[in-house]
Amino acid sequence: IILVDDKGGWTESHIKDSVRSLIDNTTYDNFEIVISTTINRSAEMPQIRTTLSAEEFPEIIVVATKEGQFSKLVNAGISVATGAFIALIDLDLNICTSNWVELMVARAQQPGVGVVGPKLITSENLIHSAGLVLRYDGPPMHSHQGHLSTSINYFGHLGLASNCCALSSEYFVVNRQLFEEAGNFDTNLPPLWAETDFCLRLFTKGYRHIFEPGVVAQFKTPIGSTEDKGIGEESLSIMQERWSKLMISDPFYNPNLSRENGWHTLNNFDVGRYLPHIHR
């Protein structure tokens, strides 16, 4: 399990609580925890590791990089991990499904499967992500973002395991061998683009990615909008050059549906009129 400390603002108490919560909400016990952080932050980690180890938690490994860039932290964390399967988990997530390892690894072990991701919900009990939907002129959309967490929505999509081109690295599981086959996260791209680029590299090698709604995780604090995550024209140009065919026509998204958002509504459908609870 890789916990990426790319926010820079987590306190020692927050990191300890996050690790404790992860352990308490995981029934499977044969795993290690890797905290990937910066050199500046790493001075605080020995005390965290000592405290948690004294509480009989699994082995905790700390790896530090000079810079706090997301992709560099992910790559560094995976480079020291020894498990057959890698789970990337955001430090701000609370795992709501205790047998998540068994469910997600069972999917990831199937032939032809690349990345497996859960249903992510916000602290306000709305959908944050149920997979990513590609589009050519902007960053990928989080599928069903803003819908009620209890909804099954478009043709029951939120209640059924389904294929998609990419998944959010805020929480996903992948076979370590596949990570090495696809190569590291691109350090020239911000998180949303880096995770999409990684997933598409596997997708073009013939691997399908699975959204697993049976696993749920909830953010503890409010989430900023996608527009706040450093997604610029340069990154968009890089992705268009690499993946234009897929970005123009996501094979898992109906071309008659809107690409203004990930709500699976018709192009001429006024979402705000019929779904007033959705945050525009």
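The values are calculated or read from the model by the stated rules, or taken from the named source; none is laboratory data. Quantities reported herein were computed from a predicted structural model and do not represent experimental measurements. With ideal geometry, Cβ positions are generated from the backbone for all residues, glycine too; neighbour counts draw on all protein chains shown. Quick note on the areas: whole protein, heavy atoms, side chains included, nothing else; ligands and nucleic acids left out. Shrake-Rupley method; radii C 1.70, N 1.55, O 1.52, S 1.80 Å.
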Where T265 falls short, out of the listed (1) modelled with pLDDT of 95 or more; (2) over 17 Å from the mean Cα position of the chain (by Cα): (1)
Region 1-29 - residue that is small (G, A, S) and not in a loop (DSSP other than H, G, I, E, B) and, of those, modelled with the lowest pLDDT: S13
So A161, is it within 12 Å of V116 (Cα to Cα), among the hydrophobic types (A, V, I, L, M, F, W, C) and surrounded by fewer than 23 Cβ atoms within 10 Å (Cβ to Cβ): yes
Strands (runs of 3 or more DSSP E) wholly inside region 30-115 that include at least 1 residues being hydroxyl-bearing (S, T, Y) and at pLDDT below 95: 33-38, 60-65
Residue in region 166-186 that is in contact (Cβ under 8 Å) with a residue 24 or more places away in the chain, open to solvent by 30 Å² or more (accessible area, probe 1.4 Å) and farther than 20 Å from I2 by Cα present: no
Any hit, region 188-200, residues being of a type outside the set (A, V, I, L, M, F, W, C) and surrounded by 23 or more Cβ atoms within 10 Å (Cβ to Cβ): yes
